[in-house]
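The values are calculated or read from the model by the stated rules, or taken from the named source; none is laboratory data. Nothing here was measured: the structure is a model prediction, and the numbers come from that model. For neighbour counting, all protein chains shown are included, and Cβ atoms are generated from backbone atoms with ideal geometry for every residue, glycine included. The area values use the complete protein model at the heavy-atom level, side chains included, leaving out ligands, DNA and RNA. Shrake-Rupley method; radii C 1.70, N 1.55, O 1.52, S 1.80 Å.
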Amino acid sequence: MLLAGVGGFFGSCARYLVGRLTAGWAVTPFPIGTFAVNIIGCLFIGMLFGLAQRTNFVSQNLNLLLITGFCGGFTTFSTFSNEIFILAQAKQWVVCATYLLLSIVAGVAMVWLGRAITQ
């Protein structure tokens, strides 16, 4: 648990820094910071899982530190995207589409509900 926590700390710090660095890039309503974090996180988790499949580079401890901790603190979108990829790779099309659509619709609905409850 400590490795996941340490990784999460650094992932959260990196998320904050990327958000701050990208905030001045463009004056637009598009959330460039969040988009950058999500895309970078997806690249990073893809690289880690790719290394784990081809080599013994990613041990259980390194998995906790980098994948669960760092990527989890940096963005959970990377984990979501990796799970969608795994389901598609396994040709689990119905589960993949259901997970994708329900996650987006339910996520937005819960944000709306949470805001409605607190208004």
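Summary of values
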quantity	calculated
222 nm mean residue ellipticity, helices alone, for the chain (DSSP H n ≥ 4; -39,500 (n - 2.57); rounded to 500)	-24500 deg cm²/dmol
Of the DSSP H helices in the chain, those whose Cα atoms cover at least 15 Å axially and whose Kyte score averages 1.0 or more	2-23, 32-54, 93-118
Once exposed loop chymotrypsin sites (Phe, Trp or Tyr not before Pro) are cut out (DSSP; at most 15 other Cβ, 10 Å), longest piece of the chain	58-119
Long-range amide H partners of Gln92 with built H, under 5 Å	none
Accessible area of the chain belonging to carbon and sulfur atoms, whole % at 1.4 Å probe	73 percent
Over the chain, equivalent-ellipsoid semi-axes from the Cα gyration tensor in Å	25, 21, 15
